[in-house]
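This report concerns only the one structure given below.
The values are calculated or read from the model by the stated rules, or taken from the named source; none is laboratory data. Fair warning: this is a prediction, and the values are worked out from it, not measured in the lab. Methodologically, a virtual Cβ is constructed for each residue, glycine included, from the backbone with ideal geometry; neighbour enumeration extends over all protein chains shown. Note: accessible area is taken over every heavy atom of the protein model, side chains too, but ligands, DNA and RNA are not part of it. Shrake-Rupley method; radii C 1.70, N 1.55, O 1.52, S 1.80 Å.
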Amino acid sequence: RPAVHAVALSGGSTRWLVAWEAVGSNSDSDIATVYSDNNGATWSALGYVNDGALVDGADNHDRGVALASHGGVVIAVWYAMSWPRGRTGWTLAVARSSDYGASWGRAHALHAASSSYSPDM
């Protein structure tokens, strides 16, 4: 079951940011985002939080996204399978945006890989 998380951003912006687990045609899942600056009347182009979202393989899954914000800074946290490259198991990952979710920095691992996936963060 895909996780969907939305957050209202403040600090000079009236942006709504939505993130979810998007499953691709090769069964790979990535953390997708869109934002709206006009209360949902229109939405931005699709963006991705996780590194390599459009090129990683079917063995790389990203799930269980959660968002938090303070001013224009947004933090996304999620579980990543087989990431960074060469690891096996699930890793808790984090990425930061300093422009209200319009773009994202590189992801970082918060803990070592685990063999189990627990969506209860």
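Overview of results
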{"item": "Förster radius 30 Å - calculated FRET efficiency between Ser98 and Val23 (Cβ-Cβ, nearest 0.05)", "result": "0.60"}
{"item": "For region 96-111, Karplus couplings with θ = phi - 60° (6.51, -1.76, 1.60), whole Hz, Gly/Pro x", "result": "10, 10, 10, 10, 6, x, 6, 9, 10, x, 5, 6, 10, 7, 8, 7"}
{"item": "Summed residue charge, Cβ within 14 Å of Val73's Cβ, Lys/Arg positive, Asp/Glu negative", "result": "+1"}
{"item": "Placed amide H near Gly101: partners under 5 Å, 5+ positions off or other chain", "result": "Val74"}
{"item": "Net charge of neighbours whose Cβ lies under 14 Å from the Cβ of Tyr100, counting Lys and Arg as +1 and Asp and Glu as -1", "result": "0"}
{"item": "Computed lengthening from Ala45 to Ala68, 0.36 nm per intervening residue step minus Cα-Cα distance", "result": "6.2 nm"}
{"item": "Exposure of Trp16 as accessible area (Å², to 10), given a probe of 1.4 Å and all protein chains", "result": "110"}
